[in-house]
Amino acid sequence: MNLPEYVRLVEVGPRDGLQNEQRPISVADKVRLVDDLSACGLSCIEVGSFVSPKWVPQMAGSAEVFAAIEWRPGVTYAALTPNLKGLEAALAAGVREVAVFASASERFSQRNINCSIDESLQRFEPLMQLAHEQGLRVRGYVSCVLGCPYEGAIAKEQVAAVAKTLFAMGCYEISLGDTIGVGTPNATRRLIETVGREVPRERLAGHFHDTFGQALVNVYASLQEGVEVFDASVAGLGGCPYAKGATGNVATEDVLYLLNGLGIRTGIDLAALSTAGQRICNVLGKTNGSRVGAALGAASRAE
Ligand code: HMG
Ligand code: MG
């Protein structure tokens, strides 16, 4: 079987993870998390988002976080920006890569960003233009690719159409989001096959939430389909504010353990990452959502 030699992990814990935590998190704790993560060898970190604080209060301090983190050379520090207002705030904070998000489900789009899929794509046009003028890289997310909390099954052709549009608009990579974590490996493979006809596979990323415990097998299924980029959240932090019951992304430690076992390089130090994961869990007062992180933590306490 042909698996990639190198995989890029995009750490989304500080954004996708923390955006859904109930307990308020200080700017200092967010900064510490981001700095811990970059020290582990992660080269892409989604630090926060510039969205309405009424909708997502946990992301309110993102500008302060960007101002205080250590900008390590070679690391991409990205922000989620839903509209021009968000992009302008990101630019003011010195951000050089942003992400936009559209849904493959009409009803999820209405609930999450208050407009139709088409309207959301139109909203990105001025954003893409300004990002292009400023030389920023833009990543595109598609949500609900393997199911929607309101509509149920989503046609893979619909996912492919949204992905194609985002790619044509200038997104350099399309991250396919199983927002509610319902996908299983064969569905994942079929989805990549269909989307891969519209967007080159080397430009696709997998973004699997772990609600039904399938995220890691879906990562493996995607690797078999030639996907080489995965989003993951340290300690499995997070959920989705608009998808009831959705848990966090697949834990970065768990994906890394899998990749290490497969002999796939990432440049990331698993021991350091586990320590970072446990530290943020202690700050949040929650159980570690990474099986690998918990196992390594238990082993080190037993020594
Ligand atoms: P809107 O069109 O202005 O309409 O924003 P609105 O009624 O939803 O928002 C109104 C208020 O938000 C106004 O303030 C705006 O100024 C303000 P008010 O007049 O009421 O005081 N506002 C903003 N404030 C700060 N920064 C901004 C901004 N834009 C408007 N950029 C919008 C529509 C989508 C921007 C808004 O609804 C919003 O920010 N929603 C939050 C969406 C969000 O963050 N969702 C979670 C992230 S997506 C996700 O997690 C999925 C993903 O992980 C992939 C996957 O798992 O599938 C990416
Ligand atoms: Mg997500």
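The values are calculated or read from the model by the stated rules, or taken from the named source; none is laboratory data. Computed from a prediction, not measured in an experiment: that's the story for all the values here. Positions of Cβ are generated from backbone atoms using ideal geometry, with glycine treated the same way; all protein chains shown enter the neighbour counts. Protein only, heavy atoms only, side chains kept; ligands, DNA and RNA dropped before computing areas. Shrake-Rupley method; radii C 1.70, N 1.55, O 1.52, S 1.80 Å.
Data for the structure
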read-out: Residue match in region 274-284 (condition: open to solvent by 60 Å² or more (accessible area, probe 1.4 Å) and closer than 19 Å to Gly213 by Cβ); value: no
read-out: Cross-chain or 6+ apart pairs with Cβ under 6 Å, region 218-233 first and under 13 Å from Arg201 (Cα atoms), then among the charged types (D, E, K, R); value: Glu225/Arg189; Gly226/Arg201; Val229/Arg8
read-out: Any helices (runs of 4 or more DSSP H) falling wholly within region 68-142 and containing at least 3 residues that are within 16 Å of ligand 2 (Cβ to nearest atom); value: 106-113
read-out: Every residue from region 176-190 that is of a type in the set (Ser, Thr, Tyr), under 22 Å from Ser109 (Cα atoms) and assigned to a loop (DSSP other than H, G, I, E, B); value: Thr179
read-out: Helices (runs of 4 or more DSSP H) within region 202-303 that include 2 or more residues within 14 Å of ligand 1 (Cβ to nearest atom); value: 215-224
read-out: Criterion violated by Glu193 - all others in (1) open to solvent by less than 10 Å² (accessible area, probe 1.4 Å); (2) out of contact with any Ser or Thr (no Cβ under 6 Å at 6 or more places or on another chain); (3) not in a loop (DSSP other than H, G, I, E, B) satisfied; value: (1)
read-out: Among (1) closer than 29 Å to Thr275 by Cβ; (2) assigned to a loop (DSSP other than H, G, I, E, B), the one test that Trp55 misses; value: (1)
read-out: Arg137 in contact with a Pro (Cβ under 9 Å, 6 or more places away or on another chain) and open to solvent by 40 Å² or more (accessible area, probe 1.4 Å); value: no
read-out: Where a residue in region 99-118 is closer than 11 Å to Pro82 by Cα and its partner, wherever it lies, is part of a helix (DSSP H, G or I) and within 13 Å of ligand 2 (Cβ to nearest atom), with Cβ under 9 Å and at least six apart; value: Ala99/Arg15; Phe101/Asn112
read-out: One residue from Val12, Val34, Val51, Val7 being open to solvent by less than 20 Å² (accessible area, probe 1.4 Å), in contact with a Pro (Cβ under 8 Å, 6 or more places away or on another chain) and of a type in the set (A, V, I, L, M, F, W, C); value: Val34
read-out: Any hit, region 97-110, residues being among the acidic types (Asp, Glu), over 18 Å from the mean Cα position of the chain (by Cα) and open to solvent by 10 Å² or more (accessible area, probe 1.4 Å); value: yes
read-out: Residue selected from region 188-228 under the condition closer than 13 Å to Cys144 by Cβ and not aromatic (Phe, Trp, Tyr), by the criterion farthest from the chain's Cα centre (by Cα); value: Leu191
